[in-house]
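One structure below.
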Amino acid sequence: MRRKGLASMAVQTVATESTTPSVDLGPASGLSCRECGTTFPLGPIFACAECFGPLEVAYDLPLGDPEALRKQIEAGPANIWRYAPLLPVPADVADKPNLNPGWTQLVKADNLARELGAQQGKLFVKDDSGNPTHSFKDRVVAQALEAARAFGFTTLSCSSTGNLAGAVGAAAARAGFRSCVFIPHDLEQGKVVMAAVYGGELVGIEGNYDDVNRFCSELIGDPLGEGWGFVNVNLRPYYGEGSKTLAYEICEQLGWELPDQLVIPIASGSQLTKIDKGLKELIALGLVADKPYKIFGAQAEGCSPVSTAFKAGHDVVRPQKPNTIAKSLAIGNPADGPYVLDIARRTGGAVEDVNDEQVVEAIKLLARTEGIFAETAGGVTVGVTKKLFEVGLLDPALTTVVLNTGDGLKTLDAVAETSQATATIKPSLDAFRAAGLAD
């Protein structure tokens, strides 16, 4: 059996009788091991008791009448809860206090397409900086919050590279939960402030994200963690399902069609694997026509364990010590890394990386061409997209969707040095002309 990425995560001991079989999480029917297929009742567990493989949510999905389901979705709210029939949430989820993220813009990026050599009308940016705390993490936290409610947790927590900490703090504040989140001690100041402003407890851990994650796994197994829902640990199966909504929205916004090519950033790898899961569900439900699609993963060179494994033809992802400005992607031991390899190879995609200089250039390219200010993770994705077009791995004639997962205001330091005032002049027309700005 191939074990893939739970080395940094302790298994929370939860007896079967401690789960809540009658819990209402909509179409979710249980949990299933991704490795051996063993099934478990719904509960706050994330690792298989048989093989320690990761668990994911299994469903009784509404098969049978795609047109009726499509109409139901289109009549729903302009957020992720329009897809409630396909998610592990109760039917009345939209009536509960939540940040209600999602339904962000799918931007037709014709200016960027000209720069990259793609055909007009074929390149799109899914801009998730429009979420309530300005990153895609609001989607996954919204899902985890509903599971926390269902299981009776009172504290919402996480290990985070920054964006998740802010999303948890905000969601907990809205829902009336206590929050306590854990971050590496050297995060970008903008993300520290954003996580702290919501009034929860923010704890810096000396070390990198993998050190933070190990600490949280220990806390879960200790009496100190009683009543705590760690969104990306003991609630991870539910949390991950939030990323499927990106796949749902992209296809709906394309007129209920699958994109041909997607470029997705890799941190833990969960977002990429769940987008693939969402696309397969839409096909199975008859909401989109089945056709081939390719998924490409994007990493920063300074933390590229999945890209390194892909290029070497390996199935095992060897951990790396992160050293990159793209701190939101700086997970040296990505839990879903090997599954990303499987998906990239199965779909005919690839996993590529770019260096920090290319990240900065890509942030500025996207801002200059489409008016979208991406954080460093978006710079990684756009930079990798550029590289993939240059080497011919992306087909310029096919519909391509690139993900921007966060707002550049969170990572100002990355571009501050090269993004300053063009000139400083006296308040006169002569000074304006003398500075060469009149042309």
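Which ones in region 387-429 are in a helix (DSSP H, G or I), among the hydrophobic types (A, V, I, L, M, F, W, C) and in contact (Cβ under 8 Å) with a residue 40 or more places away in the chain?
388, 389, 409, 414, 415
Could you say which residue among 102, 37, 53 is on the phi > 0 side of the Ramachandran plot and open to solvent by less than 20 Å² (accessible area, probe 1.4 Å)?
The match here is 102.
Would region 235-242 turn up any residue that is in a helix (DSSP H, G or I) and surrounded by fewer than 23 Cβ atoms within 10 Å (Cβ to Cβ)?
No: zero hits.
If the Cβ limit is 6 Å and pairs must be 6+ apart or interchain, which residue in region 133-148 that is more than 7 Å from residue 242 (Cβ to Cβ) and touching a residue at least 60 places away in the same chain (Cβ under 8 Å) pairs with which residue that is in a helix (DSSP H, G or I) and of a type in the set (D, E, K, R)?
Final answer for the pair search is 136/128.
Go through (1) assigned to a loop (DSSP other than H, G, I, E, B); (2) farther than 19 Å from residue 229 by Cβ; (3) aliphatic (A, V, I, L, M) one by one and return the number of the condition residue 69 breaks.
It fails just one condition, (1).
With the condition being at pLDDT below 95 and crowded, with 22+ Cβ neighbours inside 10 Å, I'd like the helices (runs of 4 or more DSSP H) fully within region 110-192 carrying at least 2 qualifying residues.
In region 110-192, 163-175 are the helices (runs of 4 or more DSSP H) which contain 2 or more residues that are at pLDDT below 95 and crowded, with 22+ Cβ neighbours inside 10 Å.
Of the residues 398, 394, which single one is closer than 26 Å to residue 279 by Cβ and open to solvent by 60 Å² or more (accessible area, probe 1.4 Å)?
Matching residue, one of 398, 394: 398.
Any residue at all in region 374-385 that's open to solvent by 20 Å² or more (accessible area, probe 1.4 Å) and either of a type in the set (Phe, Trp, Tyr) or not in a strand (DSSP E or B) (or both)?
There is no residue in region 374-385 that is open to solvent by 20 Å² or more (accessible area, probe 1.4 Å) and either of a type in the set (Phe, Trp, Tyr) or not in a strand (DSSP E or B) (or both).
Read through the list (1) within 25 Å of residue 177 (Cβ to Cβ); (2) among the aliphatic types (A, V, I, L, M); (3) in contact (Cβ under 8 Å) with a residue 60 or more places away in the chain; (4) surrounded by fewer than 19 Cβ atoms within 10 Å (Cβ to Cβ), then give the number of the only condition that residue 254 fails.
With respect to (1) within 25 Å of residue 177 (Cβ to Cβ); (2) among the aliphatic types (A, V, I, L, M); (3) in contact (Cβ under 8 Å) with a residue 60 or more places away in the chain; (4) surrounded by fewer than 19 Cβ atoms within 10 Å (Cβ to Cβ), residue 254 is out only on (1).
Identify, please: which residue in region 401-439 is among the acidic types (Asp, Glu) and modelled with pLDDT under 95 and is, among those, least open to solvent (accessible area, probe 1.4 Å)?
In this case the residue turns out to be 430.
Collect the residues in region 138-157 that are of a type in the set (Lys, Arg) and over 17 Å from residue 83 (Cα atoms), keeping them in residue-number order.
149
The values are calculated or read from the model by the stated rules, or taken from the named source; none is laboratory data. None of these values were measured; they are calculated from a predicted model. Here the Cβ is made from the backbone with ideal geometry for all residues, glycine too, and neighbour counts use every protein chain on show. The accessibility values were calculated without ligands, DNA or RNA, using every heavy atom of the protein model including side chains. Shrake-Rupley method; radii C 1.70, N 1.55, O 1.52, S 1.80 Å.
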